[in-house]
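First the structure, in the form of structure tokens, and then the observations on it.
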Amino acid sequence: MIQGIAASQGIAIAKAYRLETPDLTFEAKKIDNPEEQIQRLEDALEVSKQELEKIKAHTLQQLGEEHAEIFSAHLLVLSDPELINPMKDKITSDLVLAEQALDEVANMFIDMFKNMDNEYMRERAADIQDVTKRVMAHLLNVTFPNPALIDEEVIVIAKDLTPSDTAQLNREFVKGFATDIGGRTSHSAIMARSLEIPAVVGTKNITETVKQDEMVIIDGLDGKVIVNPSEEELVTYREKQDAYAKQQEQWAKLKNEPTMTKDGSHVELVANIGTPNDVEGVINNGGEGVGLYRTEFLYMGRSELPSEDEQFEAYKSVLEQMGDKPVVVRTLDVGGDKELAYLDLPKEMNPFLGFRAIRFCLENEDVFRPQLRALLRASVYGNLKIMFPMIATLEEFRQAKAILLDEKEALLNEGVKVSDSIEVGIMVEIPSTAVIAKQFAKEVDFFNASFIPSPPRFAYTITLFFLYKIGSFLKVVQRPGTLHI
């Protein structure tokens, strides 16, 4: 029995499948053709980006937008000039192979993150290691592990599972996993919980103990791994597995019960979605509404902007499916890590706080107005709430609401029905906005009082970003909460 950290609950019993990283060693040597080595590096980076785009699309389909964004961050790493330029400089100045330049620079960044005080930031070292190993494999023409090819019931055993490994796991066949390293806040652990795959991480020596095809039990409840269990242990854990399944059935009966604290306070349980297809999961799990509908996914994976009618049908579908339950729709938030090939978005050193979201929309009303018209047209089919992202100043909110009111008036003049009970607010995700939240609350209060005939009720979602910057490689930690005014 090996003790580790319970990263994802459940009991799994199956034979071991060792997922091993290929040999990425190389022989360092001097070169006399730096241009050729830089081209090799650029080619390996490009192939790695293409692979990550495919993994991101697969993750979006299987796990949703939140987990797909992990690979947006990985793609940013592979485009970060603070990471890539030192590699090219080392090739040119030291006349070394692309492999050596990649290895030395990547390890410098990995060590930097590993030595940070914050646990979350320490675990981001694994993300850098994940993407740079992929690039190294392409430089060496080595086949990278492909967990998606697993086609029988197994428990994956690995030194560590990268986010890209975890995203490719098919839960029909992969019943659980155990790793030498990792913690509960690692991306692989978070994704395992979404996949509902039992997982134990941080065992320190599981790869030294388990051989290929040996029988293994993963106890994701107590953080234990049992290797080559006895018949008695198998019986015990099958009973524990059945008991946990029955407990899940009991929990499922409560999914539509009111979410109340012990002292009788109601806590609204809502879901984040990216497409109308996600609503089924919200309803099946007793969601009381949609807390955030990320509309940018309507704009992604295509060669041109969605039409007003296309957007109307998507918003209408979500509102109709949710009935009278609230649906908070965030207007278009592109830029930063969300690039659209058909839009000429500028390249910026700090894209997360640059020309994006509401700033882009206010400068491109031909994109913004059709979305607002589509939302207003759909408003009569449910309980719509509109939220503007990345608002930094009162003037930005005033401009956005003026355009919204302008489009509402235009639709009414055209004889199109628009709901009279739409609440409008902002997403507070810039520190300066959080500091003056009271002023924004008054502005929103005044606007909704004139927009909604009935007395308004306000709950503004606050997301504070703590920014960590190494060169231009920006890491963002989100601490969400709700501020009631």
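What are the residues whose amide H is under 5 Å from the amide H of Glu423, where those residues sit 5 or more places off or on another chain and H is modelled from the backbone?
Correct list: Ile386.
For the cross-link pairs Lys114/Lys224; Lys246/Lys325; Lys54/Lys175; Lys316/Lys417, which exceed 20 Å when the distance is taken from alpha carbon to alpha carbon?
Lys114/Lys224; Lys246/Lys325; Lys54/Lys175
Using θ = phi - 60° and the Karplus form 6.51 cos²θ - 1.76 cosθ + 1.60, what ³J(HN,Hα) does each residue of segment 309-316 get, whole Hz, x for Gly and Pro?
Once rounded to whole Hz, the list reads 5, 4, 5, 4, 5, 5, 5, 4.
With the crude spin-label approximation of a point 7 Å out along Cα→Cβ, what separation in nm comes out for Leu269 versus Asn364?
About 3.9 nm, to one decimal.
Do you know the relative contact order of the chain, to the nearest whole percent, from alpha carbon pairs under 8 angstrom that are 6+ apart?
Relative contact order for the chain comes out at 14 percent.
Tell me, what is the per residue accessible area of segment 51-191 in Å², probe radius 1.4 Å? Please report the intermediate quantities before stating the final value.
On the way: 5660 Å² over 141 residues.
Per-residue accessible area for segment 51-191 comes out at 40 Å².
Could you state the number of Å between the C-alpha centres of segment 399-434 and segment 175-222?
47
Applying the Karplus parametrisation 6.51 cos²θ - 1.76 cosθ + 1.60 with θ = phi - 60° to the phi angles of segment 387-396, what ³J(HN,Hα) value in whole Hz is obtained for each residue in order, glycine and proline being reported as x?
My calculation for segment 387-396 gives 10, 8, x, 6, 6, 10, 9, 4, 5, 5 Hz in order.
Please sort 191-198, 52-59, 246-253 by packing, taking for each peptide the average over its residues of neighbouring beta carbons within 10 angstrom, highest first. Could the numbers behind the result be given before it?
Values: 191-198: 20.9, 52-59: 18.2, 246-253: 10.0.
Highest to lowest by the protection proxy: 191-198, 52-59, 246-253.
Enumerate the calculated ³J(HN,Hα) couplings along segment 26-43 in order (Karplus 6.51 cos²θ - 1.76 cosθ + 1.60, θ = phi - 60°), each rounded to whole Hz, writing x wherever the residue is Gly or Pro.
So the Karplus estimates, Gly and Pro as x, are 8, 9, 6, 7, 7, 10, 10, 10, x, 4, 5, 5, 5, 5, 4, 4, 5, 5 Hz.
How high is the relative contact order of segment 214-300, in percent, counting Cα pairs under 8 Å that sit 6 or more residues apart?
Taking the mean separation of contacting Cα pairs over the length of segment 214-300, I get 19 percent.
Looking at Leu269, Gly64, Leu161, which one has the Cα that reaches farthest to the positive end of the dipole of the chain (charges on Cβ: Lys, Arg +1; Asp, Glu -1)?
Positive-most Cα among the choices belongs to Leu269.
Convert 25 °C to kelvin, take the viscosity as 0.890 mPa s, use the Kirkwood radius over C-alpha pairs of segment 76-147 as Rh, and evaluate the Stokes-Einstein diffusion coefficient in µm²/s, rounded to a whole number. Present the calculation step by step, with values, prior to reporting the outcome.
Details: Rh = 12.9 Å.
The calculation lands on 190 µm²/s.
What full-extension length gain, to one decimal in nm, is calculated for Glu232 and Asn170 as 0.36 nm per residue of separation minus the Cα-Cα distance? Working shown, then result.
Values: separation 62, 0.36 × 62 = 22.32 nm, distance 2.95 nm.
Working it through step by step, the gained length comes to 19.4 nm.
Please report, as a whole percent, how much of the solvent-accessible surface of segment 379-418 comes from carbon and sulfur atoms (probe radius 1.4 Å).
Carbon plus sulfur share of accessible area: 50 percent.
Using protein chains only and a probe of 1.4 angstrom, how many square angstrom of Lys159 are accessible, to the nearest 10?
Lys159 has an accessible surface of roughly 130 Å² with all protein chains in place.
For Cα pairs less than 8 Å apart in space and 6+ apart in sequence, what is the mean separation divided by the residue count of segment 199-343, i.e. the relative contact order in percent?
Details: 143 pairs, mean separation 23.8, N = 145.
Computed over segment 199-343, the figure is 16 percent.
Within 11 Å, Cβ to Cβ, of Gly287, how many net charges do the neighbouring residues add up to if Lys/Arg are +1 and Asp/Glu are -1?
Within the 11 Å Cβ shell, the charges total -2.
Put Glu214, Glu395 in order of accessible area, largest first, 1.4 Å probe: what do you get?
Numbers: Glu214 35, Glu395 95 Å².
The ranking, largest first, comes out as Glu395, Glu214.
Under 16 Å between alpha carbons, and skipping anything fewer than 8 positions from Lys49 in its own chain: which aspartates and glutamates qualify?
Counting by Cα, and skipping residues close in sequence, Lys49 has these aspartates and glutamates nearby: Glu69, Asp80, Asp127, Asp130, Asp165, Asp337, Glu339.
Using all C-alpha to C-alpha distances in the chain, build P(r) with 20 Å bins and read off the rounded percent in each one.
Once binned at 20 Å, the Cα pair distances of the chain give 20, 49, 28, 3.
Which distance in Å, rounded to a whole number, links the C-alpha centroids of segment 46-87 and segment 244-317?
Rounded to whole Å, the Cα centres lie 25 Å apart.
The values are calculated or read from the model by the stated rules, or taken from the named source; none is laboratory data. Just so it is clear, the structure is predicted and the values come from calculations on it, not from any experiment. Virtual Cβ from ideal backbone geometry, glycine too; neighbours counted across all protein chains shown. Heavy atoms of the whole protein, side chains included, go into the accessibility calculation; ligands, DNA and RNA do not. Shrake-Rupley method; radii C 1.70, N 1.55, O 1.52, S 1.80 Å.
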